[in-house]
Structure formats: C-alpha cells, structure tokens
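> Before we start, here is the structure in question, set down as structure tokens.
The values are calculated or read from the model by the stated rules, or taken from the named source; none is laboratory data. Note that this is a predicted model, so its numbers are computed, not measured. Every residue, glycine among them, receives a Cβ derived from its backbone with ideal geometry; neighbour counts consider all protein chains shown.
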Amino acid sequence: MSAGPIVLRETGTVRAPLVETLHQWVTTVDHKRLGILYIVYALIFLILGGIEATIMRIQLIRPLNDFVSPQVFNRMFTMHGTTMIFFVAMPLVFGFGNYLVPLMIGARDMAFPRLNAFSFWMTAFGGLLLYFSFIGGDGLYGAGNAPDVGWFAYAPLTSQTFSPGHSTDFWTLALLVSGFGSIGTAINLATTIVCMRCPGMTLGKMPLLAWMNLVMSGLVILAVSPLSAAQIMLMVDRYLGGHFFDTQAGGSAVLWMHFFWVFGHPEVYVLVIPAFAFASEIIPVFSRKAIFGYPVMVAATVGIGFISMSVWAHHMFAVGMTSNSNTFFVLSTMAIAVPTGIKIFNWLGTMWGGKILFKVPMLFCIAFLFQFLIAGLTGIMQGAAPFDWQLTASYFVVAHFHYVIVGGILFTIFAAFYYWFPKASGRMYSESLGRLHFWLFVIGFHLTFDFMHVPGVLGMPRRIYTYEPGRGWDIWNVIITIGAFFQAAGILVFLYNLLWSYFHGEIAGSDPWDAWTLEWTTTSPPPGYNFATVPEVQSRRPLWDLKHPEDPDWKYE
Amino acid sequence: MKASGRTTSRALFAYLGAAVAAFAQPASGAWSPTNIFAPDSTPADTIFGLSIFVLAVTGAIFAVVFTLLAYAIVKFRKRAGDDDREPAQIYGSTQVELAWTVIPVLIVVVLFLATARVIASVQNAARPRGAIEVTVIGHQFWWEYRYPDLKVVTANELHIPVSDSVHPAPTFLTLLSADTDHSFWVPRLAGKTDLIPNHPNSMWVDPHETGLFLGQCSQYCGVQHALMLLRVYVQPRDEFDRWIKQQSQPAPVSETASAGQRIFEATACVSCHTVAGTAAKGRFGPDLTHLMSRDTIASGALRNTADNLRRWIRNPAAIKPGCLMPAMGLSDPDLDAITAYMETLR
C-alpha cells in the first residue's frame, strides 16, 4: 500500500502571542477554522447538556426523590433538549460539514466565507443567550430563570399567562438567532456543493458526504424557516397583543404544534443524514471496498429528504386529528422506513466481502448500524398510530429518540471525530483510549437507553420530576441512571484523548487510513489554501485511481 | 374475528423471546398497574393486538438484519494471515438492491393496512344508546369530571360502570382544557388523548372488569405535571348507580352552620371551590361537595385522611410545590375547624 508523503507540521521559530492567535481565530473566515470553532463550541455545550441530563437522572433514581425541586427539574429537561439539539447536534453537523465539504470536493473555501463566519457567530450568540437566561430570566416577576416550557414549548404554556418573566423570551430569541445562523450555513453549504466542485467532479462523482450535506442543507432551509416564523409569531403574541397561539383569546395551540413539528421532524433528518454521510465515508475505508450501490444511496438520501417533509404530524397522533389524517401520517411515516432500510443494506453490502479493520472509527460505525436498526424498528412501532397512542409522551419515546440521536447520530459523530482527527490536528489519537471510550460509551448507552423502553411500556410518562413507588418503574430507573454515569465517564475519556493526542499523538501524515477521497491528498492539517494545485478527478475515489493505476474506478462508473 | 386474529399474532409472537413475551401476557398488570400490555377495555385491547403484530414483524426484521450484520462483521474481518491486497471491488448489484427495496415496501404495505384498520375501529366507533357521557376538563394540576346527563360534578376520581358483552355500557369522554395542554392516559383502558384548549377531543373506554385503574397526565402541563394523577374506579352497574345518586345530592345543610363552614365561606376558599347548596360557587378548583367520598386529595397525590387534609389546607405547596392553591395563612384553630367542616362533606 502506498502511504502518502509524511509531512511534519511547520513549527515557526517565533510563536505568535496569545492575543494575536485569539484575534486570528475570532476574525477568521477560513472554513477549517470555523469548522473547528463550531465543533469546540458544541463540545462545551455537550458538557453542559450532559450535566443537565445527569441532574435529571439523579433525581429519578428513586421514587419521591427530592434532589431538585420540580421547577429546577423542568428547567433541566427544557435546557437539556434545547441545548443538545440546537447547540450540540447542529453545530457538530455544521462543523464537520464546514471542515470537510470544501476539502472533499477539492475547493479552497466555502462559497461565502464571510457569511460562514457570520453564521457561526450567530449560532454562538444564540447559545450564550440561552444560557444567559440563568442570570437574566427572572425579569420583573421573580418568575424563575431558565426556560421551563419543554424543548418543543407547546402553546399556551409559553404565553404571558403561563410563562411570566423572560425565560421563554430567552428561549425564543436564542432559537431565532441561531436559526438565522443555521439557514446561512445551509445556503453556504448548498452553494459550495453546487458551484465549487473541482474539475471532473460531476454530481455523480461527488463523495456521498457531499451529497448528503446537500440534502441536509435543503432540509435546514425548509425546516428552520417555519420554526423562525413561529418564534416571531410567539413574540408577537407575548409582546404585541397577537393571538396566534394565545388560546385564552381564541388562538390555536394545535397551530404551534404543526409549526414546531414541521420543523421538528425534518430536523431529525438534518441531523441523521450527516450521520449517514460519516458512515458512508468510514465504512468503505475500513472495509477496504467501494460503497455498495452509490446511485441507490443518493436516491435514498434524496427520497428521505422529500418524505421527511410530510411526516411531521406523527408527533401528534394523540392530539385528536381525524382518522383520515392519522392514517395519512402512518403511511408517510412507514414509507420513510424503505429508503432508510436500503441504506442499512447498502452498508451491509459494502462490508460484505471486504477486509474489515476494527479501528475506533469503524467500531463506532458498527455500533451505529445495530443501534440505528433498533431505533428504526421502534420508530415503526410508533408509526403505527394506535400503538403510538400508548407509547407517545412516555419513556418509550424518550428511549426511541435517544436511540436515534445518541445511538445513531452521536456514535457516527464520534466515528467522524476519530477518523478525521489526524487530518485536522496532524496527529493520531490514542487507539487504546479510543477503545476505552467506545466500550464505556457502548455499555452506558445500552444500560440507559435499552432499559428506558421498559418504564415507558409500564406507563411512565416523560417530563415527570418524580413518581410514586409501586408502579413497577423503580428498578429500571436505577439501571438507567447507572448507565448515565458510564456514558459520562466515556465522554471524559474522549475529551482527554482529544487533548492528549493533540499535544502528544504520533505524527499522522497526510493519509493515515490509506483512504480514497480528496481531503487525504493534502497535508495534515491542510494549509489555509487547502490544495497547492486544484485537483482534478475522474471517479468517486480519486486516490484509489492514483494508488491502483492498473484497476482504476473510472473504468467501472 | 378479533379473537382469531389475536391467536395468530400470539403464535407469531411466541418466537420473540421470553423477556418481551412476559410483558405480553394480558394479565392483571402484574408488572405494573399501568402496563400497556395488560389491556382491560376494547380500545386498549385492540391496540394490544396491533402492538403484538407490529412487535412480531419488527422482531422478525431485527432477527434477520442483526444476523446478516453480525455474520458480515465476523466473516469478513481482516485476519492475521491475510495478504495486503485489497478485496475485490464491487460497486453494486441491481437484483440485490431491487430485492431489498421491494421486500420492505411489501412489509410497509401490510403494516399500514393493519394499522389503518385499527385507527378506524377505535376512532370511528359508533356511540351506542345508553353510553355514559363524561366531560373531562384538565386543569393545572387536577381533573374535573362532569356527567352532563346525570347532573354530577366531581374531581380527580372518575367513576364509570363496568361494560360486559351482555350489558355493554361504554363511557365516552369529551376532553377539554381550562388552561394548558394535558393528556388523559390510563394505559390499561385506552391510549392517550390530549386535552387542548379550544380543541375539544373525545375518546371512549368500556372496561371489562371492575377495579381501580391508574394513570396520569402525560402531556407536560406545567410545574406539577408529575403529580396530576388519574384514578378510574370501574364499578358494577348497581354500585355505580348508587354512587351517582349519592353524588347528585347537595351538601348536607345544617341549621346552624358550623364554625368551619363560616370560616370557609369567609375566606377566599369560595372563589375557587364549590360546595353545592352553599355560598361556595367557585370553579377554579375541585368541587368539594362530596370530598370525603374520595380516596385521595391533591389529584391523587395524598390519601384522603383528616391529617393529610389538614396538612394540605395549611400549605399545599409543601406537598405539591408549584400547585395553584395558595396557603391561606390560617391559624391552628381555624385549620382544625375547616378540616372538621371538610370531613362533613360526604
């Protein structure tokens, strides 16, 4: 195998003063630096969201516990959900998209570098605004600080009547501001992918990661816009005498639900399609085979993108829609299982006949395949509306969407961290610490989220700060909480690994995985201009062609 | 027809492993009084049948895909003795991909049809003559029940008659909300339906057995969402009729109002509570006319004993922090008197 040229990191004789370095980072418009900023920012919020989850799990470890008050508990689940979706998952997805898309399509930067910086700082400001509510949310009424309306903030709980003070305003403004950032980044990514591909890279020869980021960007534009509109309407209700959602004046609580979920369900795919993208890049490299059924993968992704816009009301089966509406949303929800299933089979086809290497990124991808399978199947259960009348708003649904978001999305994001860490830092991570992280996290994940399905089936609703003994929920809650501590330990090992490896890891070289896409042709970390000469490609795997001139891909595509 | 469907799906289900099967025995809620797999009413039973079918299908899919994935990972791992050559590159296969598209489509069609049938049977059920009508009004953080035909108003403990095949007596609930969203969920009787302001909903139950069925609010409605508990008492018909008769009486009127009643009526208590036949006509809080006929207070959070009642009146927030009933700052003698008055409301 031909290893790429080993390039040592440039070490200047004079180190720039700290202020100057900070200034460079704050004013940067480089897609790689912005990508890293997004990711570091998301990791900080991951810790905050994790602390909130831990507080909830300690409170629920036994019945009638009084570790925190109901008011604090309600703030914790609101902040945990809002943080993890808007200020962890989305920034991580955008961070990786920012960092990788230009490198993988042979571009020197994003289409709109300044918009890129603007979008990041909007998102960053949104997160700070949300957390400032802990200090500023009391307002004139002494009415509690952080938001406590739940992460989907159903009307009329958000009206002035039921939510005096400013906590809901912080929530609304934080989502509005970060939403503008998300839309900016989505426009930027889509434009970059459509307009900035290197010579020879037709749409059909883009890496799957680029395709999936393109679909994700389209979904962000379509989904975040109605959410932003709803936030503005809510503010009009709260301060300008509007009655969109103000039920006491004839407004509609159901309207808010539609607005929220017409964002909320595509949002799941905004997060999971990039997760698919990581799996679609990593599984082939560690199976040593080309992705199986590239055109079908693209079609399935586009199909998921379209269908995901028509499934939102499956979050509302218990709202009292007509039987015809319920039936329609059952059909669209079950239909989305088909393209999703196709993807799992294509990854299986990719591994089939390969030589699978169990490096840490691949371990996380393999766990993802099993976990995402289960998440999809519990999704089908809830797609059957009558079954969902029992399951929705119970711990079963909490288990299901954590299976998607942690077991599916976060696992592939960890895979992506380990896979591209050598590219971004120039150094290898510690394989043994990575394995320790993997096993701690797998054990913790399954302790928590496998057993969380059970109390849901036994009638435990979500968002309750306590429960009485004798419902058969006690033992399951103990196991769930123990799992949370394993996960926390895994996260600490992960962060330590990143830091330690950044300073002490082995020099990685430009192509440590013997991979096939363009980012591995440049140095690690890449220079500001990415490529000394703009690359030209003939196939989906330009480095395969280079390494195997006797058997290039372009002969078969 | 339904019974045979159940038998078939049970047979399928037998393959799904002991752990899940244990849940699926429609027993008397051995695992939990709120086990969704211990149905005791037609809607819950129909949902249970569909659940078992969906579990069987998804279980089978899981077994097949899990096996394939596990096989591929073990079989195609890189081994120590392998040469360094790359494996054969395969870019796809139309037949295989067609197969794993068409088979899932067929499975989806089957699941969809089974689901659509159950949606129609539960949501579009005819309302027979003789059905009991109850209006359920969700409040932060308690339940109001009004029987419009029977002229009864009560709170937090719903009484309905048992319904058997000889004397079917389903209960139809009209679901309203006085403030925020709530959800009515008694897992052994039916799936949940939300109570949404300006959006009347309905659901129905026809419990086959007598007894107490538990549940709780399952749509986040504010600070005390967790202690907005549901208790449904399913009674034999004659017992239910006696209960209705008793509940439709006004409060016992004493010639000389007790000290407790005078304090009650002179305090803000009456702005929120009703005691039928007296000056207390508030509707913001639970109707207290027959308070002592209930097993619990504070929406199921406390047993209804004199001691608990006194603690509750003294400072409700100590028991349900964030609940909307204020502490009235009553002196100890006043508290004793009001508690004594409450105990007369039978």
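> Filter the range B:308-342 down to the residues that are closer than 22 Å to B:Val253 by Cα and touching a Gly at 6+ places or on another chain (Cβ under 9 Å), then identify the one that is farthest from the other protein chains (Cβ to nearest Cβ).
Residues of the range B:308-342 closer than 22 Å to B:Val253 by Cα: B:309, B:334-342.
The next check asks that each one be touching a Gly at 6+ places or on another chain (Cβ under 9 Å); those that pass are B:334, B:336-342.
On the way: B:Asp334: 29, B:Asp336: 28, B:Ala337: 31, B:Ile338: 26, B:Thr339: 24, B:Ala340: 28, B:Tyr341: 29, B:Met342: 23 Å.
Selected residue: B:Ala337.
> Take the range A:16-43 and flag every residue that is surrounded by 13 or more Cβ atoms within 10 Å (Cβ to Cβ) and either in contact with a Cys (Cβ under 6 Å, 6 or more places away or on another chain) or among the hydrophobic types (A, V, I, L, M, F, W, C) (or both). Don't jump to the end; show me each part of the working.
We begin by selecting, within the range A:16-43, every residue surrounded by 13 or more Cβ atoms within 10 Å (Cβ to Cβ); these are A:25, A:28-43.
A:Trp25, A:Val29, A:Leu34, A:Ile36, A:Leu37, A:Ile39, A:Val40, A:Ala42, A:Leu43, listed by residue number.
> Conditions: (1) more than 28 Å from A:Gly50 (Cα to Cα); (2) crowded, with 21+ Cβ neighbours inside 10 Å. A:Gly353 meets all but one. Number of the miss?
It fails just one condition, (2).
> Which of the residues belonging to the range B:68-89 are small (Gly, Ala, Ser) and more than 7 Å from chain A (Cβ to nearest Cβ)? Spell out how you get there, then give the answer.
Going through the range B:68-89, the residues small (Gly, Ala, Ser) turn out to be B:70, B:72, B:80-81, B:88.
B:Ala70, B:Ala80, B:Gly81 - these are the residues of the range B:68-89 that are small (Gly, Ala, Ser) and more than 7 Å from chain A (Cβ to nearest Cβ).
> Enumerate the helices (runs of 4 or more DSSP H) found wholly within the range A:369-435, keeping only those where 1 or more residues are within 18 Å of A:Ile491 (Cα to Cα).
Details: elements: A:385-391, A:395-402, A:411-425.
Answer list for the range A:369-435: A:395-402, A:411-425.
> Can you tell me which of B:Thr42, B:Thr46 is more than 9 Å from chain A (Cβ to nearest Cβ), on the phi < 0 side of the Ramachandran plot and touching a residue at least 24 places away in the same chain (Cβ under 8 Å)?
Values: B:Thr46 fails: more than 9 Å from chain A (Cβ to nearest Cβ).
Result of the check over B:Thr42, B:Thr46: B:Thr42.
> Could you pull out every one of the strands (runs of 3 or more DSSP E) wholly within the range B:148-189 that has 1 or more residues that are touching a residue at least 12 places away in the same chain (Cβ under 8 Å) and closer than 27 Å to B:Trp31 by Cβ? If you could, list the steps in order and put the result at the bottom.
Details: elements: B:152-155, B:157-161, B:171-177, B:182-184.
Those strands (runs of 3 or more DSSP E) span B:157-161, B:171-177, B:182-184.
To keep it simple, each residue is scored yes or no on (1) assigned by TED's automatic domain parsing to the domain that holds B:Tyr233; (2) surrounded by 13 or more Cβ atoms within 10 Å (Cβ to Cβ); (3) without any contact (Cβ under 8 Å) to a residue 40 or more places away in the chain.
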position: B:Val65; (1), (2), (3): no, yes, yes
position: B:Asp83; (1), (2), (3): no, no, yes
position: B:Gln89; (1), (2), (3): no, yes, yes
position: B:Gly92; (1), (2), (3): no, yes, yes
position: B:Ile103; (1), (2), (3): no, yes, yes
position: B:Val109; (1), (2), (3): no, yes, yes
position: B:Phe112; (1), (2), (3): no, yes, yes
position: B:Ile119; (1), (2), (3): no, yes, yes
position: B:Val136; (1), (2), (3): yes, yes, no
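> Tell me yes or no: at least one residue of the range A:261-282 is outside any helix (DSSP H, G or I) and either surrounded by fewer than 24 Cβ atoms within 10 Å (Cβ to Cβ) or touching an Asp or Glu at 6+ places or on another chain (Cβ under 8 Å) (or both). Step through it out loud before you land on a result.
Residues of the range A:261-282 outside any helix (DSSP H, G or I): none.
Scanning the range A:261-282 turns up no residue that is outside any helix (DSSP H, G or I) and either surrounded by fewer than 24 Cβ atoms within 10 Å (Cβ to Cβ) or touching an Asp or Glu at 6+ places or on another chain (Cβ under 8 Å) (or both).
> Just to be sure before I move on: is A:Gly241 more than 14 Å from chain B (Cβ to nearest Cβ), farther than 20 Å from A:His402 by Cβ, not charged (D, E, K, R) and not in a helix (DSSP H, G or I) in the structure I sent?
Working: more than 14 Å from chain B (Cβ to nearest Cβ): yes; farther than 20 Å from A:His402 by Cβ: yes; not charged (D, E, K, R): yes; not in a helix (DSSP H, G or I): yes.
Considered against the rule, which asks whether it is more than 14 Å from chain B (Cβ to nearest Cβ), farther than 20 Å from A:His402 by Cβ, not charged (D, E, K, R) and not in a helix (DSSP H, G or I), A:Gly241 comes out as yes.
> Looking at the range A:358-365, can you tell me whether even one residue there is β-branched (Val, Ile, Thr), more than 9 Å from every other protein chain (Cβ to nearest Cβ), part of a helix (DSSP H, G or I) and surrounded by fewer than 22 Cβ atoms within 10 Å (Cβ to Cβ)? Please lay out each step first, then the result.
Keep residues of the range A:358-365 that are β-branched (Val, Ile, Thr), which gives A:360.
Narrowing the set further to residues that are more than 9 Å from every other protein chain (Cβ to nearest Cβ) leaves A:360.
Next cut, part of a helix (DSSP H, G or I) only: A:360.
Among the residues that remain, those that are also surrounded by fewer than 22 Cβ atoms within 10 Å (Cβ to Cβ) are: none.
Checked against the condition, which is being β-branched (Val, Ile, Thr), more than 9 Å from every other protein chain (Cβ to nearest Cβ), part of a helix (DSSP H, G or I) and surrounded by fewer than 22 Cβ atoms within 10 Å (Cβ to Cβ), the range A:358-365 yields no hits at all.
> Here is a follow-up. Across the range B:190-225, what is the number of residues that are assigned to a loop (DSSP other than H, G, I, E, B) and either aromatic (Phe, Trp, Tyr) or within 11 Å of chain A (Cβ to nearest Cβ) (or both)? Spell out the reasoning first.
Step one: filter the range B:190-225 for residues assigned to a loop (DSSP other than H, G, I, E, B), giving B:190-192, B:197-198, B:200, B:206, B:208-210, B:217-224.
Checking which are either aromatic (Phe, Trp, Tyr) or within 11 Å of chain A (Cβ to nearest Cβ) (or both) leaves us with B:190-192, B:197-198, B:200, B:217-224.
Number of matching residues: 14.
> Oh, and also: Being within 7 Å of chain B (Cβ to nearest Cβ), in contact (Cβ under 8 Å) with a residue 24 or more places away in the chain and crowded, with 24+ Cβ neighbours inside 10 Å is the filter here; which residues of the range A:454-472 pass it?
Hits for the range A:454-472 are A:Val457, A:Gly459, A:Pro461, A:Tyr465.
> Then there's this: Considering only residues that are of a type in the set (Val, Ile, Thr) and within 23 Å of the chain's Cα centre (by Cα), look in the range A:310-340 and name the one that is farthest from A:Phe401 (Cα to Cα).
Quick first cut of the range A:310-340, residues of a type in the set (Val, Ile, Thr) only: A:311, A:319, A:322, A:327, A:330, A:333, A:336, A:338, A:340.
Filter again for within 23 Å of the chain's Cα centre (by Cα), leaving A:311, A:333, A:336, A:338, A:340.
On the way: A:Val311: 15, A:Thr333: 15, A:Ile336: 16, A:Val338: 19, A:Thr340: 16 Å.
Among those residues, the one meeting the criterion is A:Val338.
> Okay, moving on. Would you check if B:Gly191 is surrounded by fewer than 22 Cβ atoms within 10 Å (Cβ to Cβ) and modelled with pLDDT of 95 or more? Let's see the steps before the verdict.
Working: surrounded by fewer than 22 Cβ atoms within 10 Å (Cβ to Cβ): no; modelled with pLDDT of 95 or more: yes.
Against the criterion (surrounded by fewer than 22 Cβ atoms within 10 Å (Cβ to Cβ) and modelled with pLDDT of 95 or more), B:Gly191 does not qualify.
> Continuing with this model, one more query. Going through B:Thr58, B:Thr46 one at a time, which residue ends up being over 21 Å from A:Leu369 (Cα atoms), modelled with pLDDT of 95 or more and surrounded by 14 or more Cβ atoms within 10 Å (Cβ to Cβ)?
Numbers: B:Thr58 fails: over 21 Å from A:Leu369 (Cα atoms).
Every option except B:Thr46 fails the conditions.
> For the range A:63-81, state whether one or more residues are crowded, with 24+ Cβ neighbours inside 10 Å, under 15 Å from the mean Cα position of the chain (by Cα) and in a helix (DSSP H, G or I).
no
> Still on this structure: Which ones in the range A:109-139 are in a loop (DSSP other than H, G, I, E, B) and modelled with pLDDT of 95 or more?
Just the residues of the range A:109-139 that are in a loop (DSSP other than H, G, I, E, B), to begin with: A:109-112, A:137-139.
Matches in the range A:109-139: A:Asp109, A:Met110, A:Ala111, A:Phe112.
> Taking A:Ile307 as the residue in question, decide whether it is more than 9 Å from chain B (Cβ to nearest Cβ), within 22 Å of the chain's Cα centre (by Cα), in contact (Cβ under 8 Å) with a residue 24 or more places away in the chain and closer than 26 Å to B:Asp194 by Cβ.
Values: more than 9 Å from chain B (Cβ to nearest Cβ): yes; within 22 Å of the chain's Cα centre (by Cα): yes; in contact (Cβ under 8 Å) with a residue 24 or more places away in the chain: yes; closer than 26 Å to B:Asp194 by Cβ: yes.
Judged against the criteria, A:Ile307 is a match.
> Go through (1) touching an Asp or Glu at 6+ places or on another chain (Cβ under 9 Å); (2) crowded, with 24+ Cβ neighbours inside 10 Å; (3) not aliphatic (A, V, I, L, M) one by one and return the number of the condition B:His225 breaks.
(1)
> Then there's this: Restricting the search to the range A:21-62, which residues are outside any helix (DSSP H, G or I) and of a type in the set (A, V, I, L, M)?
Within the range A:21-62, the subset outside any helix (DSSP H, G or I) is A:27-30, A:60-62.
Within the range A:21-62, A:Val29, A:Leu60, A:Ile61 meet the criteria.
> What are the pairs with Cβ atoms under 7 angstrom where one residue, in the range A:178-204, is in contact (Cβ under 8 Å) with a residue 12 or more places away in the chain and among the charged types (D, E, K, R) and the other, located anywhere, is surrounded by 18 or more Cβ atoms within 10 Å (Cβ to Cβ) and in a helix (DSSP H, G or I)? Sequence gap at least six, or different chains.
none
> Of the conditions (1) assigned to a helix (DSSP H, G or I); (2) crowded, with 17+ Cβ neighbours inside 10 Å, B:Val74 fails just one. Which one is it?
(2)
> What number of residues in the range B:142-174 are closer than 23 Å to B:Pro33 by Cα and either out of contact with any Gly (no Cβ under 7 Å at 6 or more places or on another chain) or among the charged types (D, E, K, R) (or both)?
Going through the range B:142-174 one residue at a time, the tally reaches 17.
> Still on this structure, I have one more. Could we say that B:Ala268 is hydrophobic (A, V, I, L, M, F, W, C) and on the phi > 0 side of the Ramachandran plot here? Reasoning before the result, please.
Numbers: hydrophobic (A, V, I, L, M, F, W, C): yes; on the phi > 0 side of the Ramachandran plot: no.
So B:Ala268 does not fit the description; no.
> How about the range B:241-284: which of its residues are small (Gly, Ala, Ser), surrounded by fewer than 16 Cβ atoms within 10 Å (Cβ to Cβ) and not in a loop (DSSP other than H, G, I, E, B)?
B:Ala259, B:Ala266, B:Ser271 - these are the residues of the range B:241-284 that are small (Gly, Ala, Ser), surrounded by fewer than 16 Cβ atoms within 10 Å (Cβ to Cβ) and not in a loop (DSSP other than H, G, I, E, B).
> Just checking, which of A:Gly200, A:Gly242 is surrounded by fewer than 17 Cβ atoms within 10 Å (Cβ to Cβ) and closer than 23 Å to A:Pro542 by Cβ? If you could, list the steps in order and put the result at the bottom.
Working: A:Gly242 fails: closer than 23 Å to A:Pro542 by Cβ.
Sole residue among the options that is surrounded by fewer than 17 Cβ atoms within 10 Å (Cβ to Cβ) and closer than 23 Å to A:Pro542 by Cβ: A:Gly200.
> Please pick out the residue among B:Asp287, B:Asp334 that is part of a loop (DSSP other than H, G, I, E, B), of a type outside the set (Phe, Trp, Tyr) and buried (at least 18 other Cβ atoms within 10 Å of the Cβ). Break it down stepwise before answering.
On the way: B:Asp334 fails: part of a loop (DSSP other than H, G, I, E, B).
After ruling out the rest, the residue left standing is B:Asp287.
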